[in-house]
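Peer 1: Attaching a single structure in C-alpha cells format; questions to follow.
The values are calculated or read from the model by the stated rules, or taken from the named source; none is laboratory data. The shown structure was predicted, so the numbers you read here are calculated from the model rather than taken from an experiment. When we count neighbours, we look across all protein chains shown, and the Cβ atoms used for this are built from the backbone with ideal geometry, even at glycine. To get the accessible areas, we keep the full protein, side chains included, count just its heavy atoms, and leave off ligands, DNA and RNA. Shrake-Rupley method; radii C 1.70, N 1.55, O 1.52, S 1.80 Å.
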Amino acid sequence: EDLRTPATPNVPQVIYSEPMTPADAAQADRSASPVAARAEPSLLMTTAAKRLDEKDTGTALALFRQIVSEYPNDPLADDAQFGSAECFFQMGRYEDAINEYRKVVNQFPFGDQVPFAFLKIGFAHLALEQRDLALDNFRNVSEAYPGTEAATVARQQIAHLKASGK
C-alpha cells in the first residue's frame, strides 16, 4: 500500500443538506452584512494609519477622507477625521490642520477624539506662533476634559508656556 496517497480522497462530504430558499439566502446576506460592512472601514483605517506612520501623508489623507465620506456613521469615522487633520499637521499645513481638527469637534462632538482635537488645535496655534490662541485651547481641554490624557498634556503645555513667558 502506498502511504503517500490517502485511502479516502480529501473531498468534503455533505452529511445533511436542506434546500436554501430565496428567503434563507436573503437572511444569510443580512446577517453577514454587518461583518462585511465593518471590515472595509477597519481595513482602510489600518492602512491609512500605517501610511501616516510611514510619512506617506498624501495616501493616508486620501484613505482617511474615504472612510469619513463613505462610512460617516461608522465608529471609526471620528478617528479618520482626526487622521485627516494629523496628515495636515505632519505636512506643516497648520491652518488646514486646525480646520480638520475643528471638524472632529463639530461632526463628532461625543467622539473620544474631541479632547485630542482641541489639544492639537493648540499645538497648531503654537506652530503658527499664536501663543494666546494655543493657551486658550490648552485651557479649554484642561477644564472641559479634566480626567483625560489630553488634559494632562494640556496642563503641561500651560505650565511650560507660563514658565517660558513667550
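Peer 1: Given R₀ = 22 Å, what would the calculated FRET efficiency be for M91 paired with D136, taking r from the Cβ atoms and rounding to 0.05? Walk me through the numbers before you get to the answer.
Peer 2: Values: r = 24 Å, r/R0 = 1.09.
Step by step, r from the Cβ atoms, then E = 0.35.
Peer 1: Using Cα-Cα distances under 8 Å and only pairs 6 or more residues apart, what relative contact order does the stretch 49-166 have, in percent? Display every interim value, and only then the final one.
Peer 2: On the way: 146 pairs, mean separation 18.7, N = 118.
Relative CO of the stretch 49-166 lands at 16 percent.
Peer 1: At 1.4 Å probe size, with the rest of the protein present, what percent of the exposed accessible area of the stretch 31-138 is carbon and sulfur atoms? Let's see the in-between values first.
Peer 2: Details: 2940 of 5440 Å².
The value for the stretch 31-138 is 54 percent carbon and sulfur by accessible area.
Peer 1: Mind checking the full-extension length gain between A62 and R102? Use 0.36 nm per residue of separation minus the Cα-Cα distance, one decimal, nm.
Peer 2: Length gained between A62 and R102: 12.6 nm.
Peer 1: Given 5 Å bins starting at zero, what is the percent of C-alpha pairs of the stretch 91-166 in each, up to the one with the largest pair distance?
Peer 2: Going out from 0 Å in 5 Å bins, the stretch 91-166 shows 3, 19, 27, 25, 17, 6, 1, 0 percent.
Peer 1: If you don't mind, there's one more thing I want to ask. When all C-alpha to C-alpha distances in the stretch 40-166 are sorted into bins of 5 Å, what percent of pairs does each bin hold, rounded to whole numbers?
Peer 2: Each 5 Å bin holds this share of Cα pairs: 2, 13, 20, 21, 19, 13, 8, 3, 1, 0.
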